[in-house]
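Undergrad: Here it is: the structure, laid out below.
The values are calculated or read from the model by the stated rules, or taken from the named source; none is laboratory data. From a predicted model like this one, the values you see are computed outputs, not experimental measurements. Counting neighbours? That spans all protein chains shown, and the Cβs are built from the backbone with ideal geometry, glycine included. Areas reflect the complete protein model, heavy atoms only, side chains present, ligands, DNA and RNA absent. Shrake-Rupley method; radii C 1.70, N 1.55, O 1.52, S 1.80 Å.
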Amino acid sequence: MVPMLDLKKEFNEIKKEILDMLTEILESSHYILGPKVAELEKKIAGYHGVSSAIGVASGTDALHLSLSALGIEKGDEVITTPFTFFATAEAIIYRGATPVFVDVEPGTLNMDTSLIEKRITKKTKAIIPVHIFGHPADMPEIQKIAKKHNLKIVEDCAQAFGASITGKKVGSFGNAGCFSFYPSKN
């Protein structure tokens, strides 16, 4: 059997670097919000060409906090795709809003942008496109729709760190981009 993911092999390839960094962090006693987190946030923001990045506990927290910061609340609707990890819809529901699903394109498995406007109502406040399996959603079209209807965009980039559209990194198209460092992510 060929494993889907061999984390032990990946760890062994960078073991010394990781252990050196962990030793440095443990000796500094800065386990949470220390200088290494600030350094990571700065590097991620630079890599994605955005003004700032904020480290949180998980991709789920990133989605929830982004929706909160954008004022999504009870009674609002947020358009997203059903082809995603449940955390995308969970973050919407946690805010008291309602997920409104738009089907995916068979060839890309990304949100079918031709269906988005049919699902917009007066309660719609945001769109969460999910960049799946390293393939970006059609962000230029999603941006046009969002601008036309005055909607916010929160990109779920958990499966697409480093993916880009004509040189622009995912996570830099919307009002917020949310990533995950869970070991199984691309």
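Undergrad: If I ask for residues that are open to solvent by 60 Å² or more (accessible area, probe 1.4 Å) and closer than 21 Å to Leu67 by Cα, which ones from region 115-127 would you list? Spell out the reasoning first.
TA: Here is the first cut: in region 115-127, the residues open to solvent by 60 Å² or more (accessible area, probe 1.4 Å) are 117-119, 121-123, 125.
Matches in region 115-127: Glu117, Arg119, Thr121, Lys122, Lys123, Lys125.
Undergrad: Can you tell me which of (1) within 21 Å of Cys157 (Cβ to Cβ); (2) over 15 Å from the mean Cα position of the chain (by Cα); (3) open to solvent by less than 30 Å² (accessible area, probe 1.4 Å) is the one Val130 doesn't meet?
TA: All conditions are met except number (2).
Undergrad: For region 133-171, which residues satisfy the criterion of being open to solvent by 20 Å² or more (accessible area, probe 1.4 Å) and either in a loop (DSSP other than H, G, I, E, B) or of a type in the set (A, V, I, L, M) (or both)? Even if it seems obvious, please write down each step before you answer.
TA: At the first step, the residues of region 133-171 found to be open to solvent by 20 Å² or more (accessible area, probe 1.4 Å) are 133-136, 138, 140-141, 143-144, 147-150, 152, 159, 161-162, 164-169.
Scanning region 133-171 gives Phe133, Gly134, Pro136, Asp138, Asn150, Gln159, Phe161, Gly162, Ile165, Thr166, Gly167.
Undergrad: When the residues of region 172-186 are narrowed to those that are out of contact with any strand residue (DSSP E or B) (no Cβ under 6 Å at 6 or more places or on another chain) and open to solvent by 30 Å² or more (accessible area, probe 1.4 Å), which ends up nearest to Ala146 (Cα to Cα)?
TA: Top of the filtered list is Phe179.
Undergrad: Residues that are of a type in the set (D, E, K, R), over 21 Å from Asp138 (Cα atoms) and open to solvent by less than 50 Å² (accessible area, probe 1.4 Å): list the helices (runs of 4 or more DSSP H) wholly contained in region 27-114 that include at least 1 such residues.
TA: On the way: elements: 35-48, 59-69, 87-94.
In region 27-114, the matching helices (runs of 4 or more DSSP H) lie at 35-48.
Undergrad: Inside region 1-26, can you point out the residues that are modelled with pLDDT of 85 or more and open to solvent by less than 70 Å² (accessible area, probe 1.4 Å)?
TA: Result: Ile18, Thr23, Ile25.
Undergrad: Only one of these is touching a helix residue (DSSP H, G or I) at 6+ places or on another chain (Cβ under 9 Å), β-branched (Val, Ile, Thr) and over 18 Å from Thr60 (Cα atoms): Thr98, Thr121, Thr113. Name it. Full working, then the answer.
TA: Values: Thr98 fails: over 18 Å from Thr60 (Cα atoms); Thr121 fails: touching a helix residue (DSSP H, G or I) at 6+ places or on another chain (Cβ under 9 Å).
Within the list Thr98, Thr121, Thr113, the selection yields Thr113.
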